[in-house]
Amino acid sequence: MTKTVIHFIVLALALLVLQLVCNKIVLFNIAMPVVFIYLILRLPVNLHGGWVLTVAFFSGLVVDIFNNTPGMNALACTLIAAVRRPVFNLFVSRENDMNIPIPSVDSMGVGDYFKYMATLVTTYCTLIFLIQAFSLHNLVLTLARIAGSSVLSIIIIFGLDTLVSTRREKRL
């Protein structure tokens, strides 16, 4: 168990540093990659909900501190942490639920993992950009930012998942 905890701490630190670098990248003044939420997506399914909410809140708070965004990321991360388990159950059957300790492409399959990840990433991007705009004045630009950031983040998180997956997960 301690090996898993150390693995997640190292992953959290690496993703937060990577997010700080990615915050400087904005494609066409629309799409910004969001990679640190991969930590929330990757937390074990059987982890107690309180721990998931705590990890999500503090990872969002760290990004808020470095981006000078007052609580926006913490709110969005806490929301996706709250809906993570129901979204997971939506795409994975109950009999397969016990066989998947950590959601990944290798343990869930490409289709189910894509639906799980895309739903949570789109939820995060929708909430963060609606809070940022705080109005529906320029709805087209807000929708373009949501779509562009979601697609870019999904592509990057898919790549990260192939790098982070371990051999043990591939046997499940």
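Points to keep in mind about this one:
- Most mobile listed residue (LEU120, LEU53, LEU27) in the chain, GNM with C-alpha springs under 10 Å: LEU27
- Geometric extent, Cα atoms of the chain - Rg, Dmax (angstrom): 15.7, 50
- Placing dummy labels 7 Å off each Cα toward the beta-carbon, the span from LEU18 to ILE65 is 2.1 nm.
- Positive contributions from Lys and Arg (+1) and negative ones from Asp and Glu (-1), summed over other residues with Cβ under 9 Å from the Cβ of VAL52, come out at +2.
Each reported figure results from applying straightforward, stated rules to the coordinates on display, with no laboratory input. Just so it is clear, the structure is predicted and the values come from calculations on it, not from any experiment. So basically every Cβ, Gly included, is an ideal-geometry build from the backbone, and we count neighbours across all protein chains shown.
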